[in-house]
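What follows is a short report on a single structure.
Every number in this text was worked out from the coordinates using simple rules, so none of it is lab data. Remember, it's a predicted structure, so these values are computed and weren't measured experimentally. Don't worry about glycine lacking a Cβ; one is built from the backbone with ideal geometry, like all the others, and counts go over all protein chains shown.
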Amino acid sequence: MRENNQRSDQVFAVVNYSLLSIILMVMLYPILFVLSASVSNPDLVNTGNVYIWPRGFNTDGYTTVFEYKAVFIGYRNSFIYTFFGTMLNITLTMTAAFALSRRDLYGRNLLTMIMAFTMWFGGGLIPTFMLVNSLGLVNTPYVMIILGAISIWNMIIARTFIQSSIPFELQEAARIDGCNDFRIFFTIIVPLSVPVIAVLVLFYAAGHWNGYFTALIYLNDLNLRPLQIVLREILIQNQTLDMLDIDEAIDIARRARLAQTMKYSLIVVSSVPMLLLYPFVQRFFIKGIMVGSIKG
Amino acid sequence: MSKLIGRRKMKVASLISRRPIDRLKSSWQLYILLLPSLAYVLLFNYQPMYGLQIAFRDYSPGLGILGSKWVGLKHFMRFVSSAQFKIVVGNTLSLNILALVCGFPLPIILALMLNDCGSLKFKKIVQNATYIPHFISMVVLIGMVINFLSPTTGIITKLITFLGGDPQNYLTKPEWFRPIYILSGIWQETGWGSIIYLAALSGVDPDLHEAAQIDGASRLQRIWHINLPGIQSTIITVFILRCGRIMDVGFEKVFLLQNALNLSSSEVISTYVYRVGLLGAQFSYSAMIGFFNSIINFVMILTINSVIKRISTTSLW
C-alpha cells in the first residue's frame, strides 16, 4: 500500500512538473517572440523567419518608434494621466477605507452599502456619458483622471487590510495621547498600509496605463490621446503608413519594410513601464492583497 | 471575502451608549475623510442611475431629462422585437458562458498544481511568468493576436501549416471569433486568477495532510479530499461574483477583435450600445438596452447567491 502510494506520488510529481513546464513555455513564448522580433532584421521578420531567438540583430524598429510624434505625445499623455489618476485613486481609496474601517463611525453600514451597491448595479454608458458631457469634461484631460477615481472593490480590500492588519489598540492608544483622526490617518494608518498601497498603486496605474475605453468615448483631440489609442491605430487598424508624421525624407519603402518590426518594438516600448513596476510591488502581494481579500 | 459587507458587529463598548448626535460629532473628521469618495460615488455612480429614466422617455437634449416625454416601455418593446435582439443577447450570453466554462476551472487547477510543486524556486518562476500577461494592455494583446494569426507571416499560422493544417484568415471568420477570444483570455488571466486560490491554499491546515499521509493517502487523494474542500468557499465566492457579470463582456476586447466580417458572432450588448447610442445618437433606446443588461446581471447575482446559500454555507451576504 505504502509503496504503491510512493510510486503514484512520483508519477504525480513528474506529470505535475512536466505540465507546469509546458505552461511556463506557453506563457513565455509569445513574450519572447515579440522581444526577439523587435530586435531582428526586418526582412527576416517580414518573411516570418524569426521563431524564438533574434536573428540579424537590428534596432531600426526602435529608432522608427521614437521618430513617431504621435507615439511620443501618447506616451507623455499616458504618463500624466497615470500619475495624477493614480494619486487621486490612492487618496480617495485610503481615506474612504480608513473611515469605513472604524466601527465607531455612525452610519457605517449604510455608507458601506451605498458604496458597495455600485459594484452590482450602475447607470451604464449612455447616462454616464450624458453626465460627463453636462459637466463639460468631454475632451478635457480631467476626464481621464477623474473618471474611475475610486474602485469600490479596491476600497474594500484596503478596508479589510486596515481592519485585520493594523491593531485597533494602536489607534486607541494614539487617541488617549490626544491624537485626532486626521493625525491617526497620516501617522499610523498610511505608514502601516504600505503593502496594500503598493499593490493598489500597481492595480490603478495598470488600469490607467492600459485602458483605452475612457479615451475612446470621451476624447477626440489628437493632442490629448493616451498611448493606447495611438497603439490601436497602429497595431489594430494598421494605419502605419497614412498617418505617419515623420520626416518626408524617409522614404516609403523603408517604412513599409520596417512596419512589422516597428509594431513589435512598439509593443515592447509601451508595455515596459508596467512590467518594470511589477517586480517592485510583487513582494507585497502576499501581505497586501491576500490578507485584504481573504480575511473577510 | 465572504463577508465583504461590514458584518462584524464588534463595537467599542464606550461608544454604544452615546446618543447619535454625540457620535456624529465625535467622528466628524472621519466624515471629512469619507466625503470626497462619497461625493464621487453619488455624482458619478448614482446620478447616472437617476439619468437612467431616459430609457423610459423620448429624450431630446433640448428638453432635458425631466422635460422629455414619458413613453413607458416603448424602447424596451422595440429592442425585444428588433432583429438585433436575438443576435446581440445570444452572442453576449454564449460568449460569456463559454468563457466561464472554459476559463473558470483553469486558475483552480493551476493553483493546485503550483501548491503541490516541490521546488519553491520553480514555483516562483512559473507564478511570475503567468502573472505577466495580466499587465499587458488589451490593445497590445489583440495586436499580438493579429500579428500571430497573420495569414502570411503569423507564427501561429506557420505552426498550423507545419502541422499539416490549412491556414485561413481566422480574424475574419465568425466561427473563429469565440475560440480566439477565449484562448487569448485564458493566456492572459489564468495565472492572475490563481492568486486568490493560492492564498486560500496557504490557509489549509498542514496537520490534515500529515494525518492523511499517516493513513496512507496518496498525493492526488490528498489534493482531492483536503485541498479542494479547503478552498471550496473561495471557489464559490469567486463563482458568484463571476455570475454577476454574466451579461458583461469586456467591451475593450470585443471591440478590438471586431470587424465587419465577424460581426454576426462578435456583436455583443456593450458594443451594440456604443454603436447605436453614441455613434447613432439614439440615447433613450440604447440607455434601455444598457438598463436591460444591468438588470439581468443584478438578478443573476441575487439568484445565484440565494441558490448557493441554500445548498452551502458560503454566500456573499
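Listing for the model above:
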read-out	value
Fewest-first ranking of A:M115, A:M274, using other Cβ atoms within 10 Å as the exposure measure	A:M274, A:M115
Cα principal axis extents for region A:105-170, largest first, Å	48, 23, 19
Spatial separation of Cα centroids for region A:1-62 and region B:76-106, in angstrom	35 Å
Cα convex hull of region B:83-311, projected area averaged across orientations, nm²	16.4 nm²
Karplus-derived HN-Hα couplings along region B:56-65 (A = 6.51, B = -1.76, C = 1.60, θ = phi - 60°), whole Hz, x at Gly and Pro	9, 10, 9, 6, 9, x, x, 8, x, 5
Volume of the Cα convex hull of the protein assembly as shown, divided per residue and given in Å³	193 Å³
Interchain or long-range residues, amide H under 5 Å from B:R57's placed H	B:V71
Percentage, to the nearest whole number, of Cα pairs in region A:107-241 over 20 Å apart	63 percent
Table column - 3J(HN,Hα) (Hz), region B:37-52, Karplus curve with 6.51, -1.76, 1.60, x for Gly and Pro	6, 5, 4, 4, 4, 5, 6, 8, 10, 8, 4, x, 5, 5, x, 4
Solution diffusion estimate, µm²/s, Stokes-Einstein, region A:45-161, Kirkwood Rh from C-alpha pairs, 37 °C, viscosity 0.692 mPa s	179 µm²/s
Most positive-pole-ward Cα, B:N115, B:T190, B:I308, against dipole of chain B from beta carbon charges	B:I308
Dipole in debye (nearest 20) - region B:83-311, about Cα centre, beta carbon charges: Lys, Arg +1; Asp, Glu -1	240 debye
Square roots of 5 times each gyration tensor eigenvalue, C-alpha, region B:126-194, largest first, Å	24, 13, 11
Region B:180-190 - phi-based ³J(HN,Hα) in whole Hz, Karplus 6.51/-1.76/1.60, Gly and Pro as x	5, 4, 6, 5, 5, x, 5, 4, 7, 10, 4
From the C-alpha gyration tensor of chain A, square roots of 5λ in Å	42, 32, 17
Whole-Å distance, taken between Cα centres, linking region A:70-122 and region B:210-268	27 Å
Region B:84-182 - Kirkwood radius from inverse mean 1/r over Cα pairs (Å)	16.4 Å
Cα-based helix-to-principal-axis angle, A:69-101 vs chain A, degrees rounded to 10	10 degrees
